Every structure is written in structure tokens, then in C-alpha cells.
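First up is the structure itself, then whatever we jot down about it.
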Amino acid sequence: MDDRKEFCDASCMVDTAIEIQMEALRRRLIKAVKVEGVVTYKEISEALNQNQTFVQQFVTKRSPKRLYDEQIDTIERILKEKEAEASSDSERSIDAEARLRTALIAFGVDHKLLPRLMAVIRSGFLKSGAEGRARKIPIGRFFPIAY
């Protein structure tokens with residue numbers, strides 16, 4: 001009887017550790033997809049050679065309960081690559097933002113309005129292709145902007 005109890009305790013501990021690992025992976029996937037937007041469930045599912053909703057079901061419906069180690073490694077690799085790309089993109093956006101700020105100051109924008117104007121620009125202007133145009137603006141010169 002005691003052997004059964006010891007076996008159950010050991011197997012229950014292993015199951016709990018796996019559940020904790022899977023829950024941490026689910027949280028990381030939610031953060032990467034929903035919060036940071038660096039990857040989609042579909043991209044990861046296709047990288048795992050599964051149907052398009054496989055990872056979404058893993059996260060939302062908890063089915064399957066456990067992934068294979070190879071699948072976990074693939075997901076971790078994809079997330080690291082996408083997060084590295086996103087961090088380099090944000091560094092480029094900061095550089096583009098500095099150039100835009102310099103151009104706005106050269107244009108004569110009141111320094112009190114600059115933070116609000118930069119917030120408007122950050123809300124989508126840099127993501128819509130202005131980053132490349134901002135890199136071409138020579139510092140110290142400004143060009144009229146077509147509205």
C-alpha cells in the first residue's frame with residue numbers, strides 16, 4: 001500500500017511539473033501573439049507541421065494538454081527569433097523618431113506641443129512606412145509635408 005502511495009506522489013509531481021511548464025508556455029505564447037504581436041498562432045502551427053489552429057487550441061482550449069519536446073523547442077526558437085526581430089525594429093523606430101523630432105524642431109514646432117505631436121506620430125505613422133522616409137531626411141533641413 002505504501003509503495004502505491006509513493007508511486008502516486010512521484011507521478012503526481014511529474015504531472016504537476018509538466019502542467020506548470022505547459023502553462024508557462026501558454027502564457028509566453030499569449031504574450032507574444034496578443035500583447036507584442038510579433039508572431040501569430042498560424043505561423044507557429046505551420047512551423048510545427050500542424051493545422052492552422054493547433055497552437056490556438058493548445059492555448060485557449062488546452063488541447064493537447066502536453067506538447068512534445070521537439071515542438072516546445074521549435075516554438076521557443078521561433079519566439080526568440082521573432083522577439084529579436086521586433087527589438088531591432090523598435091531600435092530602428094526610435095532612431096526614426098529622433099530624426100522626426102529633429103525635423104519638427106527645425107520646422108519650428110513649439111516645444112510644448114512636441115510630446116503630443118510625437119504621440120500622434122507614434123500611434124501609427126512610423127509603422128506605415130514613414131521610418132524609411134525619415135531616414136532620408138537630412139538633419140538640419142526640412143521638406144514640406146503633403147497632407
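Computed from the coordinates by the stated procedures, all read-outs in this text should not be read as laboratory data. Nothing here was measured: the structure is a model prediction, and the numbers come from that model. Every residue, glycine among them, receives a Cβ derived from its backbone with ideal geometry; neighbour counts consider all protein chains shown.
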Just add up the charged neighbours of Ile30: K/R +1, D/E -1, any other residue whose Cβ is under 11 Å from the Cβ of Ile30.
+3
Which parts of the range 46-68 would a label at Glu19 reach, counting a residue when its backbone N lies under 13 Å from a point 7 Å out along Cα-to-Cβ?
65-66
Between Ile30 and Arg77, what is 0.36 nm times their sequence separation minus the Cα-Cα distance? Round to one decimal in nm.
15.3 nm
Give the peptides 99-105, 80-86 in descending order of average Cβ contacts within 10 Å, highest first.
99-105, 80-86
